[in-house]
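Notes follow the structure.
What follows is calculated from the coordinates using simple rules that are stated; it is not laboratory data. Every value quoted in this text rests on a predicted model; they were computed, and no experiment measured them. Methodologically, a virtual Cβ is constructed for each residue, glycine included, from the backbone with ideal geometry; neighbour enumeration extends over all protein chains shown.
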Amino acid sequence: MAKGLDPEFLAQLKSKIDLVELVGSYVSLERKGGNWWGRCPFHHEKTPSFTVNADNQFYHCFGCGASGDAITFVREIESVDFMDAVKMLAERAKIPMPEMNFDSEQILEQKKKRDNILKILRASAHFYLNNLNSGKADAHIQYILDRKISASVVRKFGLGASLNFQDLPQFLLDSGYSRQDILDSGVVTESEKNHRLTDAQGGRLIFPVINAFGDVVAFGGRVLEKTDFAKYKNTRETMVFNKSKNLYNINQVKKQKKAGLLKNAIIVEGYMDTIALFQAGFENVVASMGTALTKEQARLIKRYTDTVYISYDGDFAGQKGAIRGLEILRDEQINVRVVPLPEGLDPDDVIKKQGSDGYERCLDAAMPLIDFKMEVARRQFDLSKTEEKRKYISAALKVISGAESESIKEDLLKKLREETGMTYESLRRDLDNTPAEHREKEIAEPVLREDGSDGIVKACRFLLASVLFGAKYAKNFDLSSVKFDNPVHNTIAEYVKQRQNAGEPVRASGLFDILDENDPEFSQILDLSVGEALLGTGAERYFYDCLQTLERAQVEDELARLSRLCDAETDLTKKREITQEILRLTIQLKNL
């Protein structure tokens, strides 16, 4: 829970939010039985395994284990921190945020600082836009005309102009912003020699970077003439901007998602590729702003779609280095397809030379990631030379070994046979002796579960779930009579006892304030909340069987402790007393 927020306010906030309505604004839900079901927004799946429990106001995915309450959902789906999620929900519920009592002013100062930086960035965006329309930005206007960017698209992306290095810092100072905040916003730099402030994007065409919430968080700038400086330049990292966690044009993609128009997304490298595709009608486009794709970017785009088309320059030598980024997308359970472009052309070039239809044909020819990796491998070797062909076969088999299914392997082997003239049988034998690219990782990092023969853990889970989710046979059951060893089990038991002692209803949603929603043990207990696992006479019998299992376990533990104590005891009188207690517990154990 965030420090400084009144727990009563958080409880009131959650009570005002209908979780089904909230989740339903992002995910298509269908009522089945007592719960609502849909496809999980946090991982790729074809069969819905994501459920919203309306009574207890929490969600849970049986596929990936994602779970939480309203605050957790907004935090994850919108990629924001706890406080921003609370603020968004408060606005949704139309209740004011409370005054927060901080032990320290540090957090309050940081929030104030962040707000000031966002104001500076927004003011700078307006300043650049006014420059573009001032009649003084001839070079910038000419570049826009040369690139055939329409006026409506210029407005849509908020393009602007920096005319020189001095005007922006002076404008911001005259607007009353502090020198330090202006520096911390990243829009200006300071000379080490004379400490003069200069526009970090001086003289460039300006591309505002807008996040998913509509905030200007940074700028990209392009030089307008030949220079030794980089053609494109981004705002340095600040407290509101990290290039590896942002995607250019994500704000427009989010709007498409909310309008129900987004089926997939296209990822390109730069600003102009994005604008060119957007203008050509492909509005589902974002850019990684020149960096290799990161896990944070993959998770950001996954909030909006689970199918991504990668459309980098048509230079396979350059694209080879992008494979790692594509694997990051795949590892996040995103369906990745690679768009083949004519050699040497980027998406902007394709639009110029072949129009929207030409680029649409490229999309239609998009290939799965593994086929792309095969193509990259093939282009490295001259198959007319025996030694080069052998190297290609070796490289291709390593790629094929990582295929998801035997049918895909068979298909790729047939293609390899046609390319190389080798027999299918010999390629198959070689493949069987080739280690899979990702098999090692899977073996090295197994998913460990506390299941299997551990009936005690299962009994604890069922007992806690029965009480937590209000099974009739467990109503008002006193958990004080049960000893739990697992810390998660103890936390749940203590929460239930506190609510019962206070005469308040037990709600599972309250646990998300005190437990990690990603804890696998917590997830196992949430799994029992859906379906008929806790219903009927069979569940009731199993509940009492679980109680007996735990009671036997406690007696066995005590017997083991007393046996060790008896063996170590030298005083005959005490030894006799321990032996009598062992006998009593042994009889009790037989009667259980």
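Full extension of the chain between GLN256 and LYS156 gives 34.6 nm of extra length, using 0.36 nm per residue less the Cα-Cα distance. Taking label positions 7 Å along the Cα-Cβ direction at both LYS263 and ASP174, the computed distance is 5.1 nm, reported to one decimal. A Förster radius of 35 Å, combined with the Cβ-Cβ distance separating ALA560 from ASP478, puts the computed FRET efficiency at roughly 0.85.
Suppose a student asked you for the relative contact order of the chain, using Cα pairs under 8 Å spaced at least 6 residues apart; what percent would you report?
Numbers: 796 pairs, mean separation 55.4, N = 592.
So the answer I get is 9 percent.
Farthest toward the positive end of the dipole of the range 226-383, out of VAL308, ALA276, LEU261, is the Cα of LEU261, where the dipole comes from beta carbon charges about the Cα centre. Residues whose amide H comes within less than 5 Å of that of ALA200, counting only those at least five positions distant or on another chain, are VAL188, THR189 (H built at 1.01 Å from N in the peptide plane).
If you take the Cα centroid of the range 1-75 and the Cα centroid of the range 125-144, the two points sit 46 Å apart.
Placing +1 on the Cβ of every Lys and Arg and -1 on the Cβ of every Asp and Glu, with no other charges, gives the chain a dipole of roughly 1180 debye about its Cα centre. For the range 217-360, the share of DSSP beta bridges that are antiparallel, to the nearest 5, is 30%.
May I ask you to derive the FRET efficiency for ALA365 and THR579 from their Cβ-Cβ distance with R0 = 60 Å, giving the value to the nearest 0.05? Using R0 = 60 Å, I get an efficiency of 0.15. Among the cysteines of the chain, those whose beta-carbon sits 4.7 Å or more from every other cysteine beta-carbon are CYS64, CYS362, CYS460, CYS546, CYS566.
Taking a straight Cα-Cα cut-off under 17 Å and skipping sequence neighbours fewer than 8 places away in the same chain, the aspartates and glutamates within cross-link reach of LYS385 are GLU418, GLU419. How far is the Cα center of the range 481-537 from the Cα center of the range 152-178, in Å? If we compute the Cα centre of each part, the gap is 54 Å. Here the range 333-359 and the range 188-217 have alpha carbon centers that stand 31 Å from each other.
Mind ordering 471-479, 214-222 by average Cβ neighbours within 10 Å, highest first?
214-222, 471-479
In this calculation the C-beta distance from LYS231 to ASP18 is compared with R0 = 51 Å, giving a FRET efficiency of 0.55. Between ALA568 and ALA292, the simple spin-label model (points 7 angstrom out along Cα→Cβ) gives 5.5 nm.
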